[in-house]
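S.K.: Take this structure first; my questions come after.
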Amino acid sequence: MVVVHAGVRVADTRRALRVLETSHPPVFYIPADDTLLRHLVRSGSTTFCEWKGVATYWSLAVADAGISPDAAWSYESPTPEFASITGHFAFYPSRVSGCWVNGEPVRAQPGDFYAGWITAEVVGPFKGGPGSGGW
């Protein structure tokens, strides 16, 4: 998994955790050790997931590119079932310059809520686009 923003490889790993939820493409959680943390700034935003707990959001700051607000999130104290994603970051493909899985460019999930990574092997339909709110 690779995440690039404004020409900077902000994350690069072979140790991502792939999380699947109902009716959307996978989200990859990248270990902090494989992320350039100096480019992540806690934004103050949070959300609540009934399965994973409270998510903390991070804006991405790369010199001369400005700030991409809430481009990543993490679970600092997830529920026990998701303890393995502690210390990992997930990125919105729509809020960075690009994401890749095994060299393949990722397409962003429709809408801007779930942030799944769509590749050729991942087939929808996916929730997130217009008319999919009731799934």
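S.K.: What distance in nm separates the simple spin-label points at residue 64 and residue 50, each placed 7 Å from Cα in the Cβ direction?
M.R.: 4.7
S.K.: Probe of 1.4 angstrom, ligands and nucleic acids ignored: what's the accessible area per residue over the range 53-97, in square angstrom?
M.R.: Ligands and nucleic acids excluded, the result is 43 Å² per residue.
S.K.: For the range 1-104, state which chymotrypsin sites (Phe, Trp or Tyr not before Pro) are in a DSSP loop and have at most 15 other beta carbons lying within 10 Å of their beta carbon.
M.R.: Qualifying residues, ordered by number: 51.
S.K.: For the range 84-135, what % of the accessible area comes from carbon and sulfur atoms, probe 1.4 Å?
M.R.: Reported share for carbon and sulfur atoms: 56 percent.
S.K.: Moving on to the next point. How long are the semi-axes of the equivalent ellipsoid of the chain, taking √(5λ) for every eigenvalue λ of the Cα gyration tensor, in whole Å from largest down?
M.R.: 21, 18, 15
S.K.: Under a plain spin-label model, where a point goes 7 Å from the Cα along Cα-to-Cβ, how far apart in nm are residue 42 and residue 120?
M.R.: The two pseudo-label positions are separated by 4.2 nm.
The values are calculated or read from the model by the stated rules, or taken from the named source; none is laboratory data. Since we're looking at a predicted model, the values are computed, not measured. Neighbour counts run over all protein chains shown; Cβ positions are idealised from the backbone, glycine included. What goes into the accessible areas is simple: the full protein's heavy atoms, side chains included, and nothing from ligands, DNA or RNA. Shrake-Rupley method; radii C 1.70, N 1.55, O 1.52, S 1.80 Å.
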